[in-house]
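Derivation of every value follows stated rules applied to the coordinates shown; laboratory data play no part. Here the structure is a predicted model, which is why all the values come from computation and not from measurement. Positions of Cβ are backbone-derived with ideal geometry, glycine not excepted, and every protein chain shown enters the neighbour counts.
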C-alpha cells in the first residue's frame, strides 16, 4: 500500500484562509493566529521570513481549510 506524503494530504486548490479571516471567525488577534499556524505543515508562506537587506521581515500565511480544522480539533479536544 502506497503511503501518502505530508504534501499530498493538503489539496493545493482547497480553500485557504488568511490569518485575518481566521482571527475574525475565532475572535482572536491576527498575530495570535499567525503564531498558532506559522510552523504547521501545509501552511503556504509567501514572502521572506528573514531578510538581510535591512527591510522589515514580512510573511503572508495562507492556511488550508484542512489545517484550520485540524488545529480546531486539537484545541477543543
A correct fewest-to-most ranking of 32, 76 by other Cβ atoms within 10 Å would be 76, 32
Mind sorting 52, 16 by how few other Cβ atoms lie within 10 Å of their own Cβ, fewest first?
52, 16
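Applying 1/(1 + (r/R0)^6) with R0 = 25 Å to the Cβ-Cβ distance of residue 66 and residue 24, what FRET efficiency is obtained, to the nearest 0.05?
Values: r = 20 Å, r/R0 = 0.79.
Once rounded, the FRET efficiency stands at 0.80.
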Given the convex hull over the Cα atoms of the stretch 14-76, what projected area results after averaging over all orientations, in nm²?
4.5 nm²
Going by how many other beta carbons lie within 10 Å of each one, how would you line up 36, 68, fewest first?
36, 68
